[in-house]
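Enquirer: Before I ask anything, let me first share the structure, which is written out below as structure tokens.
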Amino acid sequence: MTAVLERPGMIEAKPARRGRFSISTLVPYLQATPLALILGAFLLLPILMIAVVSFWDYDFAAMYPDVLTTNYTDTLGSWVTWQTYLNTLKYAAIVWALTLFIGFWVAYFLAFHIRTTAMQMVLFLVCTVPFLTSNIIRMISWIPVLGRNGLVNSTLVEIGLIPKPIEWLLYSDFAVVLAMVHLYTLFMVTPIFNTLMRIDKSLIEAARDAGASGWQVLWNVIIPLAKPGMAIGTIFVVTLVMADFSTVQVMSGGQSASVALMMKNQMSLLQYPAAAANAVVLLVLVLLMVAGILRIVDIRKEL
């Protein structure tokens, strides 16, 4: 069946539309199916299982399928738990600020002060050298440096700057923050460096031709254009810090706590439903933080 389309001076026959599906409309769905299955099996299903277990009952020996809110009331109704969450947010805020400051200036130096692309890549690979070893090795390497008889204290005592070793360098919040900054700064450098490399150099030249100083160019041109990279680095660093328990446990000497460490201790005591409830609360908190970042900065251009 055809439909006749009449126009001044001509008559054209046009096939009528039929309400049938074509194979081409299914191609995008078929292409996305493998990724959807992988994400469903290895991401959504485990999260759903954790959410279900968080409502179960338990004792010292076993878990019992049930629908209880006791785990959430115990978690949200305890001042110790709130202090642990606040302590975790404190670590996240301090580490984020330090990694953002260090990461931005490292990325800025690589992007605008190194002229050749080859040297930029070489120096960037130098930044990644520590990642050739595990996080645990890089973390505990600070112990002989910050310890009471470590490299820093021994040097300061020998040159006469301090009369006795500084006790708070190790097994303190300072040690935890220092180790986390060491571990996670590269996660801030990489997205910011990628964003800075995409900035059109003609914009900077135009700002300088208009009489802008170096700081004005940095504040009004470079930083606004680098916000997507900063946002991506923020998401990486904050999520990693919120989920880190080994650094807090080792570098604080057991004197500080975090939500991840609390969950680890609960699982070691076979309190899996309570740990699952904390995991759900932590996941919601992190998702809210990520949603807030995405509301402020549009990172789609970097993806």
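Each reported figure results from applying straightforward, stated rules to the coordinates on display, with no laboratory input. As the structure is a prediction and not an experimental result, all values here were calculated from the model. All Cβ positions, even for glycine, are placed from backbone atoms using ideal geometry, and neighbour counts span all protein chains on display.
Enquirer: Report, in debye and to the nearest 20, how large the dipole of the chain comes out about its Cα centre when Lys and Arg carry +1 and Asp and Glu carry -1 on their Cβ.
Expert: That gives a dipole near 960 debye.
Enquirer: I would also like to ask the following. Pairs of lysine in the chain with Cα under 22 Å and at least 8 positions apart or on different chains: total?
Expert: Number of lysine pairs found: 4.
Enquirer: Which length gain, in nm to one decimal place, applies between residue 129 and residue 79 when the Cα-Cα distance is subtracted from 0.36 nm times their residue separation?
Expert: Value of the extension gain: 13.8 nm.
Enquirer: In addition: How large is the dipole of segment 148-284 about the Cα centre if only Lys and Arg carry +1 and Asp and Glu carry -1, each at its Cβ, rounded to the nearest 20 debye?
Expert: 120
Enquirer: Could you tell me how many degrees, from 0 to 90 and to the nearest 10, lie between the Cα long axis of helix 272-296 and the main elongation axis, the longest principal axis, of the Cα atoms of the chain?
Expert: Taking Cα atoms only, the helix is inclined about 60 degrees.
Enquirer: Would you compute, from DSSP H runs of 4+ residues alone, the mean residue ellipticity of the chain at 222 nm, taking -39500 (n - 2.57) per run and dividing by the full residue count, rounded to the nearest 500?
Expert: It lands at -20000 deg cm²/dmol.
Enquirer: Next up: Please name whichever of 118, 238, 282 sits farthest to the positive end of the charge dipole of the chain, dipole taken about the Cα centre and charges placed at Cβ: Lys and Arg +1, Asp and Glu -1.
Expert: Value computed over the given set: 118.
Enquirer: Kindly identify segment 209-252 as rounded, prolate or oblate by the Cα gyration tensor criterion: order the square roots of the eigenvalues as a ≥ b ≥ c, call it rounded if a/c is under 1.5, otherwise compare a/b with b/c, prolate if a/b is larger, else oblate.
Expert: prolate
Enquirer: Cα centroid distance between segment 219-298 and segment 118-161, in Å?
Expert: After rounding, the separation between the Cα centres reads 24 Å.
Enquirer: Quick one: length gained pulling residue 44 to residue 143 fully straight, 0.36 nm per residue minus the C-alpha distance?
Expert: Value of the extension gain: 31.8 nm.
Enquirer: In addition: Would you be so kind as to identify which of 65, 180, 160 lies farthest towards the positive end of the dipole of the chain, taking Lys and Arg as +1 and Asp and Glu as -1 on Cβ and the Cα centre as origin?
Expert: Final value for the positive-end residue is 180.
Enquirer: Given points 7 Å out from each Cα along the Cα-Cβ axis, report the residue 243 to residue 32 separation in nanometres with one decimal.
Expert: That separation, rounded to one decimal, is 2.4 nm.
Enquirer: Which of (1) 58, 42, 36; (2) 103, 69, 33; (3) 57, 55, 35 is the computed Cα extents along the principal axes in Å for the structure on display?
Expert: (2)
Enquirer: For the ranges 264-274, 176-186, what's the packing order if you count other beta-carbon atoms within 10 Å of each residue, average per peptide, and put the highest first?
Expert: Result, highest mean Cβ count within 10 Å first: 176-186, 264-274.
Enquirer: If we count other beta carbons within 10 Å of each Cβ, what is the order of 197, 230, 289, fewest first?
Expert: So the ranking, lowest neighbour count to highest, is 197, 289, 230.
Enquirer: Let me ask something else. Once the Cα atoms of helix 173-184 and of the chain are each reduced to a long axis, what angle between those two axes, in degrees from 0 to 90 to the nearest 10, is obtained?
Expert: Value to nearest ten degrees: 40.
Enquirer: Rounded, prolate or oblate: which fits segment 149-303, taking a ≥ b ≥ c as square roots of the Cα gyration tensor eigenvalues, rounded meaning a/c under 1.5, else prolate when a/b beats b/c?
Expert: The shape class here is oblate.
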